[in-house]
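Novice: Sharing a structure with you now.
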Amino acid sequence: MKIEILEETKDKLKIKMLNTRITVPEMLQKQLLTHKEVLMASGLMKHPEDKESIFILQVKNANPKEILIKSIEELQKEIFVFKDEMLKAIPEANKAKGLKTSDEKSKVKKTK
């Protein structure tokens, strides 16, 4: 994925996301809208099968870049929790591919 900043002001950020489908902009939009500072978060695509989208974020009394980064970090945590739960639910997948949950990784680090 490549990102280009198209427009930036003190309360607005407009970016182009290349080589991505609608999934990432939709996840980002949902997470951004949980923040009270966000006035608008919207992803635009010309066609659902396009691999390019425009994302607009508008905030009030906040820095749009900081809110964007905070939301991305929150999404990362959510995805790690999802991964851990899936690996616990499907243990044979863990062993076959050598995958480890976050708990298992931290145990390995502590014993070294």
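What follows is calculated from the coordinates using simple rules that are stated; it is not laboratory data. Keep in mind the model is a prediction, meaning the values are calculated, not measured. We place every Cβ from the backbone using ideal geometry, glycine too, and count neighbours over all the protein chains shown.
Novice: Please give the length that would be gained between GLU78 and GLU37 if that part of the chain were fully extended, namely 0.36 nm times their separation in residues minus their C-alpha to C-alpha distance (nm, one decimal). If you can, show how the numbers build up before the last one.
Specialist: Working: separation 41, 0.36 × 41 = 14.76 nm, distance 2.08 nm.
Between GLU78 and GLU37, full extension yields 12.7 nm more.
Novice: Where does each of SER53, SER71, SER42 land when they are ranked from fewest to most other beta-carbon atoms within 10 angstrom? Please report the intermediate quantities before stating the final value.
Specialist: On the way: SER53 19, SER71 22, SER42 13.
The order, fewest Cβ neighbours first, is SER42, SER53, SER71.
Novice: To continue, here is another question. Neighbouring Cβ atoms within 10 Å as the yardstick, rank VAL38, VAL59, VAL24 fewest first.
Specialist: Details: VAL38 20, VAL59 23, VAL24 15.
Arranged by neighbour count, lowest to highest, VAL38, VAL59, VAL24 become VAL24, VAL38, VAL59.
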